[in-house]
1. Once both labels are modelled 7 Å past Cα along the beta-carbon direction, what's the Ser59-Arg101 spacing in nm?
2. What's the magnitude of the charge dipole for the chain around its Cα centre, counting Lys and Arg as +1 and Asp and Glu as -1 at the beta-carbon? Answer in Debye, nearest 20.
3. As an exercise, identify the trypsin sites (Lys or Arg not before Pro) in the range 1-105 lying in DSSP coil whose Cβ has no more than 11 other Cβ atoms within 10 Å.
4. Once you order the gyration tensor axes a ≥ b ≥ c over the Cα atoms, which shape class does the range 1-67 get: rounded for a/c under 1.5, otherwise prolate or oblate by comparing a/b with b/c?
5. Residue by residue through the range 104-113, which ³J(HN,Hα) values in whole Hz follow from phi under the Karplus form 6.51 cos²θ - 1.76 cosθ + 1.60 (θ = phi - 60°), with glycine and proline marked x?
6. Once you have a ≥ b ≥ c as the square roots of the Cα gyration tensor eigenvalues for the range 1-125, tell me rounded if a/c is under 1.5, and otherwise prolate or oblate according to whether a/b is larger than b/c.
7. With a cut-off of 8 Å between alpha carbons and a minimum separation of six or more residues, what is the relative contact order of the chain in percent?
8. Run the helix sum for the chain: -39,500 (n - 2.57) per DSSP H stretch of 4+ residues, divided by residue count, reported at 222 nm to the nearest 500 deg cm²/dmol.
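The numbers here are math on the coordinates, done by the rules we state, and not lab data. Just so we're clear, the structure is a prediction, and the values are computed from it rather than from any experiment. Counting neighbours? That spans all protein chains shown, and the Cβs are built from the backbone with ideal geometry, glycine included.
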Amino acid sequence: MAKGAYIALIAHDQKKDDMAAFARRNEALLRPFSIVATGTTGGRVLEACPSLDVIRLKSGPLGGDQQIGALIATGEVSMLIFLVDPLSALPHDVDVKALTRLATVYDIPMALNTATAEILVRTLTATDTQN
Ligand SMILES: O=C(CO)COP(=O)(O)O
């Protein structure tokens, strides 16, 4: 993974505890990287892991998903970990779809659940240390 590229972290409300736990488990792996996150998720990650370099954007419903989508379009995101809640209706569902669509268009490694996130974070950080 290219240095300077962001790892993007986002979690829906019902998944924020899972994201905080994920960050805590993987704090050492994530520490060398710059993280970009939607507002509330970023706050939870920083609370759990104050040592991480986290840039907080707007909250998802206020445009945070779109901000991360724009960073993907400009080539600044190398990994997207987006813990989605498939059991709740969201007012900004169109933004969520737009973001996952852009991650697919630009072929960004994308985890939508914790199990995949655990695999992805190890694979990409291991690749990085070989470069
Ligand atoms: O709603 C979100 C993603 O769609 C997440 O936004 P927050 O991290 O601000 O809650």
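1. 2.5
2. 160
3. Filter output for the range 1-105: Lys3.
4. Numbers: a/c = 2.00, a/b = 1.19, b/c = 1.68.
Verdict is oblate for the range 1-67.
5. 6, 4, 8, 6, 8, x, 9, 10, 10, 9
6. rounded
7. Dividing the mean separation by the residue count of the chain yields 29 percent.
8. Computed mean residue ellipticity for the chain: -14500 deg cm²/dmol.
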